[in-house]
1. Might you check whether a residue that is under 25 Å from Ile30 (Cα atoms) and aromatic (Phe, Trp, Tyr) occurs anywhere in the range 194-210?
2. Look through the range 19-37, keep the residues that are surrounded by fewer than 24 Cβ atoms within 10 Å (Cβ to Cβ) and over 21 Å from the mean Cα position of the chain (by Cα), and return whichever of them is nearest to Gly159 (Cα to Cα).
3. Among Val354, Val350, which is the only one that is in a helix (DSSP H, G or I), modelled with pLDDT under 95 and not assigned by TED's automatic domain parsing to the domain that holds Val190?
4. Just one of (1) over 30 Å from Glu401 (Cα atoms); (2) modelled with pLDDT under 95 trips up Phe207, so point out which.
5. Scanning for something among the hydrophobic types (A, V, I, L, M, F, W, C), part of a helix (DSSP H, G or I) and surrounded by 17 or more Cβ atoms within 10 Å (Cβ to Cβ), does the range 302-312 turn up at least one residue?
6. Here are the criteria: (1) over 25 Å from Ser264 (Cα atoms); (2) of a type outside the set (Ser, Thr, Tyr); (3) surrounded by fewer than 17 Cβ atoms within 10 Å (Cβ to Cβ). Tell me which single one Ala364 does not satisfy.
7. If you check Leu146 against the conditions, is it surrounded by fewer than 19 Cβ atoms within 10 Å (Cβ to Cβ), of a type in the set (A, V, I, L, M) and closer than 25 Å to Ile303 by Cβ?
8. Which condition number does Thr40 fail, the rest of (1) under 27 Å from Ala92 (Cβ atoms); (2) surrounded by fewer than 21 Cβ atoms within 10 Å (Cβ to Cβ) being met?
Amino acid sequence: MVQYERFTLDNGLRVLVQEDQTTPLAAVNILYDVGSRDETPEKTGFAHLFEHLMFEGSANIENFDEPLQRAGGESNAFTNSDITNYYDILPAANLETAFWLESDRMLSLDINEESLELQRKVVIEEFKENYLNQPYGDVWHLISDLAYKVHPYQWPTIGKNLAHIEAFKLNDVTQFFKKFYVPNNAILVVGGSVTVDQVQSLSEKWFGGIPAGKPINRDIPFEPIQTSKRELEIVADVPGDALYKLYHMGDRNSTNFYVMDLVSDVLAQGNASLLYRRLVKELSLFTEIEAYTTGTMDAGLFIIEAKTVPGVDMKKAEKALDDELARFAETRILERELLKVKNKQESATVFSEVNILHRAMNLAYYELIGDAGLINTEMDKYLAVTEADVLLHSQQVFKPENCSTIYYYAYKK
């Protein structure tokens, strides 16, 4: 059981404290409720850009990492479609250093033409390296665009295209920062060798004086139910043919998520999984196959991706995969198969709670989606899934009209 305390500053900053006196370290995690879903179709990539800009220094501190490293700490960050998360790990004795740095860049981030241009170049190179010049690198752009027609999940976190990144204007970037990087749109979690009184005092000292931002009224469009299958064929210079099947499913808080998250493990987690045994080992149609859920705050995707064996016809392999999914959705799963993936999920959950940083990240995310207490109760939602649930939800998700398919062919040489 993970014990924690929660309080809120007058400016709206939510603070959670998780004491763990068994470690000499402290983890400081600050989650901003902003991701690529908060962008517009004409201007994408802002949230990811700020992951970089936030390390550029503030009006008071030229380099964010240097004082943290002198205090024996390290930091990093990540951005996705829903959130932007920054974290610091350092000796608990130097905890105040992290408060000073995080509060300073929230209040006084130094956004100027020079820093913008520097990080623009970094992001453009990242875009080229990871999305344009890698085999299958554009697949997330293709997946997003094919599966979503209205919701801002229709572009990946890095942005829709290079032109958007190249067109960033300083005023646009500044306004984005002022709107989203404010205390009432953030969650601070501090864990490790700390006390609640200590964290409350430091929070008031360093964050209490930062003005709250204007309330954020999100008007994110709801993605309509897909009523007919979609297909896209791509031919590119890649090592081999690949197949991507995209099914719409529920959001992160829905029962559908917990059921289908387990289903993804039953179908394709490891060499003993159903699809691997049948389609890779027995029929030799694919060299590899995996299934996973996107787990997004709004309705997400259940994705199956597979690489075909050289010489195997893509449509033939797809037919075999479709047959297996149809059979799975019509046949009650064996209890031992469901129990096996539940046990694996429980082990993964326990392991994630061992690390103070993982606990801090989980508390921040669960607080955002409505209940930090999920850190102690979410596993119950997985354990409550029944064989009948798997059957019902699989039938709802694995409908042909609910599927978008990408056929990614290699050039024939």
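1. Residues of the range 194-210 under 25 Å from Ile30 (Cα atoms): 194-210.
Those left that are additionally aromatic (Phe, Trp, Tyr): 206-207.
The answer is yes; a qualifying residue exists.
2. By that ranking, first place goes to Leu25.
3. Only one candidate passes the filter, namely Val350.
4. (2)
5. No, the range 302-312 has no match at all.
6. (3)
7. Criteria met by Leu146.
8. All conditions pass for Thr40, except number (1).
The values are calculated or read from the model by the stated rules, or taken from the named source; none is laboratory data. For clarity, every value in this text was computed on a predicted model and none was experimentally measured. Glycine also receives a Cβ, built like all others from the backbone with ideal geometry; neighbour counts cover every protein chain displayed.
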